[in-house]
1. May I ask you to verify whether F503 is touching a helix residue (DSSP H, G or I) at 6+ places or on another chain (Cβ under 8 Å), outside any helix (DSSP H, G or I) and either touching a residue at least 40 places away in the same chain (Cβ under 8 Å) or hydrophobic (A, V, I, L, M, F, W, C) (or both)?
2. Could you tell me which residue of the range 1-28 is modelled with the lowest pLDDT, considering only residues that are over 25 Å from S446 (Cβ atoms) and of a type outside the set (S, T, N, Q)?
3. Considering only residues that are within 25 Å of V497 (Cβ to Cβ) and open to solvent by less than 10 Å² (accessible area, probe 1.4 Å), which ones fall in the range 190-211?
4. Every residue in the range 334-348 that is within 20 Å of L465 (Cα to Cα) and open to solvent by less than 20 Å² (accessible area, probe 1.4 Å), please.
5. Check K335 against each of (1) touching a residue at least 40 places away in the same chain (Cβ under 8 Å); (2) closer than 30 Å to D489 by Cβ; (3) not in a helix (DSSP H, G or I) and name the one condition it does not meet.
6. Out of the residues in the range 29-42 that are modelled with pLDDT under 85 and open to solvent by less than 20 Å² (accessible area, probe 1.4 Å), which is farthest from G210 (Cα to Cα)?
7. Of the numbered conditions (1) touching a Ser or Thr at 6+ places or on another chain (Cβ under 7 Å); (2) open to solvent by 20 Å² or more (accessible area, probe 1.4 Å); (3) modelled with pLDDT of 90 or more, T228 fails exactly one; give the number of that condition.
8. All but one of (1) open to solvent by less than 60 Å² (accessible area, probe 1.4 Å); (2) not in a helix (DSSP H, G or I) hold for I99; which doesn't?
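The values are calculated or read from the model by the stated rules, or taken from the named source; none is laboratory data. In this text, all values refer to a predicted model and were calculated from it rather than measured experimentally. Every residue, glycine among them, receives a Cβ derived from its backbone with ideal geometry; neighbour counts consider all protein chains shown. The protein model used for the area step is the full one, side chains on, heavy atoms only, and it has no ligands, DNA or RNA in it. Shrake-Rupley method; radii C 1.70, N 1.55, O 1.52, S 1.80 Å.
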Amino acid sequence: MISVDGLTVEFAATALFKNISFVINEKDRIALMGKNGAGKSTLLKIIAGKQAPSSGKVSVPKEKLVAYLPQHLMTDDKRTVFEEASQAFAHIVEMEQEIASINTQLETRTDYESEEYYSLIEQLSTLSEKFYSIEESNFDAEIEKVLLGLGFVRDDFQKPTSEFSGGWRMRIELAKILLQNPDLILLDEPTNHLDIESIQWLEEFLINCGKAVVVISHDRTFIDNITTRTIEVTMGRIYDYKVNYSKYLQLRLERRDQQQKAFVEQQKMIAENQQFIERFKGTYSKTLQVQSRVKMLEKLTIVEVDEEDNSALRLKFPPSPRSGNYPLIVKDLSKKYDDHLVFSDVSLTLERGEKIAFVGKNGEGKSTLVKAIMSEINFDGELNLGHNTMIGYFAQNQASLLDEDLTVFQTIDDVAVGDIRTKVKDILGAFMFGGDSSTKKVKVLSGGERTRLAMIKLLLEPVNLLILDEPTNHLDMKTKDILKGALKDFDGTLILVSHDRDFLDGLADKVYEFGNKRVKEHLGDINSFLKTKKMDNLKEIERTK
């Protein structure tokens, strides 16, 4: 359907990727994978026609519609949510208006034999054919279905988009893309601002829509559930497998092992032949054999072993000072903003060493409760920190709060105190900011690099209660796994706000669900919570019916 031929992208004489080619077929659901900075978003922009490559081309048939969701965007503040979503059908409305305009002209003109008249008839014929080939649909019902699926409620439909956060605006843009019914859907980090229920809805939509999809995401469960093919961009080249991400990792490991074995065998054979040549090159009786082996070695194609990307984050939290048995006790806590009740009667007791997750739809109060714990907002009820509780806090917008005009080194050097100042370069190196990278300005860093930089601050002094609000947004798979491992080894207490099921799996041993102005405790991990929620959702559907 769409072909990518010989693409090369170079920045400052360095190739991001070189001479890559592949085809996107109808109904392909492709995961575009690779570490931060490998060129995934750049490749997606080129396929979308938003950026030109240094060389090569992307061929898209004229009749095919490509829709693209970038990581960062802004909707029009002058429209309501419903009006903005309706823009998905603006081209159909425009087509209808154009047909009406041509019909009016044909009714009033009398130059029936002129070229202009014939041209208008031709335009009308082409437009009408296109317009009537579009499947008749109740657009309002389609808009409502998609907006509800992405987490909006009917009360939101007539509110201006200016009242919504960046994450909710992203959902509006995603709704517009899904409503356009494109032939190819390009999604760059669509799950970053979606709660677990909306992610599940999006999974089902993409699986059942029958369209080609190329998606960049660091949510491994989402990727594995929806995709049937994996293209990894790494070390300037691509690897293309017709399997989902987890199976791809396994196959690539097997492939590299086979390459390594073949390479070792070939090197052994080359060494043996070179020894023979050296030993008998002056011996008359062996001349033909020596010449034969020389020619064989000259024609030999050397087995290549895939390069491995060994750059990795080295992350370990400092030992935690011992806290009291209960670092946090919350009793009958409520929070209101004017007439809007966020939640009420919240009670929870956190034991030392416990690791818990806050989950639920956006806007139900997860970050609000975190802000209450951090004494950033007023509230009603009781909230007590235990003896010697020392908090380390990573806010949801932590990465965006960094001073863009500072360098990476200055960002950390400015907050480091005491002996740690002598180790700033070592810490930056451990977070993949070694060498010249430490002199980069914050403004040129990718989302993942900013998140890593913001996270360094958590390591500058020991804490025993870590509160992380959406820490995995913009982190690549490898870095997320390393962070997850470090949090498993963390000997303090952990509160984790996240919608990333794979990240929460095996990390949190208790789940607090935020919804309907309440906070409900679920004993068990994220998987048992999701099983319970699926049953609840089925009952709700039955009640609705």
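1. In short, no.
2. Within the range 1-28, the first condition is being over 25 Å from S446 (Cβ atoms), and the residues that meet it are 1-3, 5-6, 21, 23, 25-28.
From what is left, the residues that are of a type outside the set (S, T, N, Q) are 1-2, 5-6, 23, 26-28.
Values: M1: 83, I2: 91, D5: 92, G6: 92, V23: 94, E26: 90, K27: 90, D28: 94.
Looking at residues that are over 25 Å from S446 (Cβ atoms) and of a type outside the set (S, T, N, Q), I get M1.
3. Once the filter is applied, which keeps residues that are within 25 Å of V497 (Cβ to Cβ) and open to solvent by less than 10 Å² (accessible area, probe 1.4 Å), the range 190-211 yields P190, T191, L194, D195, S198, I199, L202.
4. V346, L348
5. (2)
6. A38
7. Result: T228 passes all but (1).
8. Failing condition for I99: (2).
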